[in-house]
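The values are calculated or read from the model by the stated rules, or taken from the named source; none is laboratory data. Here the structure is a predicted model, which is why all the values come from computation and not from measurement. Note that we place each Cβ from the backbone using ideal geometry, even for glycine, and neighbour counts take in every protein chain shown. Heavy atoms of the whole protein, side chains included, go into the accessibility calculation; ligands, DNA and RNA do not. Shrake-Rupley method; radii C 1.70, N 1.55, O 1.52, S 1.80 Å.
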Amino acid sequence: MIPSVLPTYSRAPLTFVKGEGSWLTEADGRRFLDLGAGIAVNSLGHAAPELVAVLTEQANTLWHVSNLYNIPAQQKLADALVDKTFADTAFFTNSGTEACELAVKMARKYWYDKGDTARTDIITFSGSFHGRSSAGIAAAGSQKMTKGFGPLLPGFIHLEFGDHAALTEAAKSPTVAGILVEPVQGEGGIRPMPDVCLKGLRDLCDEHGILMMLDEVQCGMGRTGKLFAHEWAGVTPDIMMVAKGIGGGFPLGAVLATENAASGMVAGTHGSTYGGNPLACAVGGKVMEIIADDAFLAEVNRKGGIMRQKLEGLVASYPDVFESVRGTGLMLGLKCKATNTDIVKAGYAQGVLTVPAADNVIRLLPPLNISDDDIRMVVTLLDKAAKSLSSE
Ligand SMILES: *Cc1c(COP(=O)(O)O)cnc(C)c1O
């Protein structure tokens with residue numbers, strides 16, 4: 001008999017009943033250090049007091065009104081995002097997938113309004129992840145996600161991650177509207193696009209007048225130690241998708257864009273019932289206030305540096321379990337020699353949560369405000385997990 005919850009996830013036998021900071025408590029009382037943070041979502045940890053306060057205040061005031069009316073919390077969050085990023089404008093969604101949908105629509109409408117109606121294709125890369133909607137799976141293009149769900153939304157050109165020659169050639173096509181890429185692939189296994197490649201991508205887009213579209217759903221909102229990962233490369237996109245960390249655990253996403261890239265999205269061209277609702281934006285506004293702060297981001301860098309160094313030590317101690325460390329800031333990955341899912345399970349037994357990714361990697365995406373003590377604990381627990389698998 002089919003379970004009452006559609007069984008599309010194979011779930012770990014863990015039931016968390018309470019969260020506090022970087023820790024979760026299981027129904028049986030065991031405590032777990034959470035290096036998954038709901039897959040890079042709980043950017044300020046569980047039950048962050050500042051977020052609980054704004055959410056509670058907003059909940060006692062006004063939950064939902066519809067985008068038919070002005071929403072002050074939404075306006076405030078949009079102003080903050082425009083102030084701190086390349087963007088001139090923002091549209092709010094409830095998820096990264098919805099942000100992907102709008103990003104694709106926006107890019108196509110841009111060219112349609114310019115009269116260049118043939119430009120509908122978006123170039124994407126192997127190993128990418130852009131959500132599970134029809135556009136999202138067509139964009140990423142991997143068999144694992146698309147098999148059985150055809151016909152797929154047309155208009156995506158799939159290239160091999162890192163194949164510069166193919167990209168240079170594909171970008172020449174008069175059917176290309178934009179290039180969509182994650183500055184650091186998350187699901188793909190913490191695979192950063194080198195700064196020089198992001199710069200090259202910007203140049204390529206400028207050369208052909210096409211749109212540079214970034215998916216910073218996982219790598220954005222302070223995760224890499226800058227507010228957005230592309231800032232490391234010193235370039236700016238035309239369109240960017242944001243979600244996960246921006247809500248700190250409350251469902252919230254956004255598409256940010258330049259005035260030019262967004263020019264086609266006039267009244268009536270897009271909408272959302274819940275997107276940008278007062279509850280989500282009250283929380284998102286507070287998350288932005290805390291994370292988009294130089295001192296906070298400097299701490300993410302410092303902590304990321306410590307954690308990375310300690311992980312390098314772990315790799316050296318267990319060469320039969322781990323191969324190398326990847327990533328920047330607090331978006332770190334351990335490329336494994338043992339099977340990544342076995343290491344994740346061994347972590348469960350020691351009270352530490354990590355998340356598997358493609359390319360036999362485990363992801364470490366702790367709350368951005370994880371304490372130094374907890375970082376030390378990360379290594380203690382992962383060491384125990386590795387020892388339980390190691391033959392050395
Ligand atoms: C998680 C993720 C998405 C999809 O976000 P949802 O909120 O799950 O819809 C899209 N892109 C990237 C890079 C992601 O990590």
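Between residue 273 and residue 59, how many nm apart are label points set 7 Å from Cα along the C-beta direction?
Rounded to a tenth, the inter-label distance reads 2.1 nm.
Quick check: pseudo-label points 7 Å beyond the Cα along Cα→Cβ at residue 39 and residue 301, how many nm apart are they?
Each label point lies 7 Å from its Cα, and together they span 3.0 nm.
Could you give the length gained by full extension between residue 372 and residue 166, i.e. 0.36 nm per residue of separation minus their alpha carbon distance, to one decimal place?
69.8 nm
Which GluC sites (Glu not before Pro) in region 200-282 pass both tests, a DSSP loop state and at most 13 other beta-carbon atoms within 10 Å?
259
Could you give the accessible area per residue of region 50-291, probe 1.4 Å, as a whole number in Å²?
Per-residue value: 42 Å².
Output ³J(HN,Hα) for region 296-311: one whole-Hz value per residue in order, computed from phi by the Karplus curve 6.51 cos²θ - 1.76 cosθ + 1.60 with θ = phi - 60°, and x for Gly and Pro.
5, 5, 4, 5, 4, 5, 4, 5, x, x, 5, 5, 4, 4, 5, 5
When a/c reaches 1.5 or more, the comparison of a/b and b/c decides; with that in mind, is region 338-390 rounded, prolate or oblate per its Cα gyration tensor?
Note, shape of region 338-390 comes out oblate.
Order the peptides 169-181, 101-113 from the highest to the lowest mean number of other Cβ atoms within 10 Å of their residues.
Highest mean packing first, the order is 101-113, 169-181.
Take the chain, connect every pair of alpha-carbon atoms lying under 10 Å apart with a spring to form a Gaussian network, then pick out the residue of 282, 118, 99 with the largest mean-square fluctuation.
118
Taking 21 Å as the cut-off for C-alpha to C-alpha distance, list the pairs among 114/172; 199/226; 76/244; 76/286; 105/199 that go past it.
Those over the limit are 105/199.
Could you state the number of Å between the C-alpha centres of region 288-341 and region 1-63?
Going from one Cα centre to the other spans 22 Å.
For 390, 142, give me the order by solvent-accessible area with a 1.4 Å probe, most accessible first, ignoring ligands, DNA and RNA.
Solvent-accessible surface, decreasing: 142, 390.
Gap in Å between the Cα centre of region 110-140 and the Cα centre of region 233-285?
First find each Cα centre; the distance between them is then 17 Å.
Could you please state how large a percent of the accessible area of the chain is carbon and sulfur, counting protein chains only and using a 1.4 Å probe?
Result for the chain: 55 percent of the exposed heavy-atom area is carbon or sulfur.
Residues of region 153-178 with backbone nitrogen within less than 18 Å of a virtual label 7 Å along the Cα-to-Cβ line of residue 6, please, listed as ranges.
Answer for region 153-178: 153.
Explain nothing, just the number: relative contact order of region 50-291, from Cα pairs under 8 Å at least 6 residues apart, as a whole percent.
31 percent
Compute the signed sum of charges (Lys and Arg +1, Asp and Glu -1) over the other residues within less than 11 Å, Cβ to Cβ, of residue 25.
-1
Only bridges whose two residues both fall in region 50-291 count here: according to DSSP, what percent of them are antiparallel, nearest 5?
40 percent
Against the globular-protein guess of 2.2 N^0.38 Å, express the Cα radius of gyration of region 50-291 as a ratio, rounded to two decimals.
Normalised Cα radius of gyration, region 50-291: 0.98.
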